[in-house]
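J.: Have a look at the structure that comes next, please.
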Amino acid sequence: MKHTISILVENNAGVLARISGLFARRGYNIHSLAVGVTDNEKISRITIVAEGSDYTLEQIEKQLNKLIDVIKVRSLSADKLLARELVLVKVACKPVQRTELIDIAEIMAAKISDVSPDSMTLELSGNQNVLTTFEELLSPYEIIEIVRTGTVALQKGSSGIRV
């Protein structure tokens with residue numbers, strides 16, 4: 001089962017290395033990782049998606065809370081989670097195919113980020129299912145390059161993780 005963990009940390013050098021090292025030492029695989037500063041430049045939020053049992057999640061949370069630079073750790077339940085990723089897809093595209101790709105972009109609410117004589121780059125943010133569907137729609141075309149960000153997530157509703 002995949003778990004999304006939100007971690008507030010002091011924005012210091014080496015924090016990410018210590019957190020990823022903890023996962024590596026315990027043999028836990030990180031499926032997705034995103035890091036960014038919060039409204040307070042001294043604090044960063046790390047969002048990690050990892051797979052494991054509820055017991056594994058509990059152990060991860062306990063180990064993370066022991067790290068010096070960690071301020072708060074919260075597991076976000078799937079039903080109370082607002083999560084997004086960003087994908088950029090560069091597709092080989094002849095002029096006669098542009099209309100088809102523009103139609104796909106419009107249907108999926110994607111943005112056309114770049115057009116060249118022989119390629120088009122599309123950009124879309126959404127949940128994992130939306131991005132997978134988008135990639136499947138583009139698969140009949142020659143995908144030159146594709147890149148996805150890590151998942152960023154917040155808890156739905158008025159409560160949140162704050163210092």
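J.: Give all pairs with beta carbons closer than 6 Å in which a residue from region 96-119 that is touching a residue at least 24 places away in the same chain (Cβ under 8 Å) meets a residue that is aromatic (Phe, Trp, Tyr); count only pairs at least 6 apart in sequence or on separate chains.
T.: From region 96-119, the pairs are Met108/Phe134.
J.: Hey, among Ser75, Ser139, which residue is of a type in the set (Ser, Thr, Tyr) and more than 20 Å from Leu33 (Cβ to Cβ)? Full working, then the answer.
T.: Numbers: Ser75 fails: more than 20 Å from Leu33 (Cβ to Cβ).
Being of a type in the set (Ser, Thr, Tyr) and more than 20 Å from Leu33 (Cβ to Cβ) holds for just one of Ser75, Ser139, which is Ser139.
J.: Another question, then. Of all residues being of a type in the set (A, V, I, L, M) and assigned to a strand (DSSP E or B) in region 120-151, which is surrounded by the fewest Cβ atoms within 10 Å (Cβ to Cβ)? Just the residue, please. Don't jump to the end; show me each part of the working.
T.: Here is the first cut: in region 120-151, the ones of a type in the set (A, V, I, L, M) are 120, 122, 124, 130-131, 137-138, 143-144, 146-147.
Among the residues that remain, those that are also assigned to a strand (DSSP E or B) are: 120, 122, 124, 143-144, 146-147.
Numbers: Met120: 22, Leu122: 24, Leu124: 22, Ile143: 13, Ile144: 14, Ile146: 14, Val147: 9.
Among them, the one singled out is Val147.
Each row is one residue, and each column tells you yes or no for (1) within 30 Å of Glu142 (Cα to Cα); (2) at pLDDT below 90.
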| position | (1), (2) |
| --- | --- |
| Ile30 | yes, no |
| Val37 | no, no |
| Lys62 | no, no |
| Val70 | no, no |
| Ser77 | no, yes |
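J.: What number of residues in region 75-119 are surrounded by 15 or more Cβ atoms within 10 Å (Cβ to Cβ) and of a type outside the set (S, T, N, Q)?
T.: 18
J.: Within the bounds of region 20-39, is there any residue that is open to solvent by 20 Å² or more (accessible area, probe 1.4 Å), in a helix (DSSP H, G or I) and closer than 15 Å to Val73 by Cα?
T.: Yes: one or more hits.
J.: Any chance you could count how many residues in region 40-59 are more than 13 Å from the chain's Cα centre (by Cα), closer than 21 Å to Gln155 by Cβ and either outside any helix (DSSP H, G or I) or among the hydrophobic types (A, V, I, L, M, F, W, C) (or both)?
T.: Residues in region 40-59 being more than 13 Å from the chain's Cα centre (by Cα), closer than 21 Å to Gln155 by Cβ and either outside any helix (DSSP H, G or I) or among the hydrophobic types (A, V, I, L, M, F, W, C) (or both): 6 in total.
J.: Of the residues in region 1-10, how many are at pLDDT below 95 and open to solvent by 50 Å² or more (accessible area, probe 1.4 Å)?
T.: Residues flagged as at pLDDT below 95 and open to solvent by 50 Å² or more (accessible area, probe 1.4 Å) within region 1-10 amount to 2.
The values are calculated or read from the model by the stated rules, or taken from the named source; none is laboratory data. Note that this is a predicted model, so its numbers are computed, not measured. All Cβ positions, even for glycine, are placed from backbone atoms using ideal geometry, and neighbour counts span all protein chains on display. Calculation scope for accessible area: heavy atoms of the full protein, side chains included, ligands and nucleic acids excluded. Shrake-Rupley method; radii C 1.70, N 1.55, O 1.52, S 1.80 Å.
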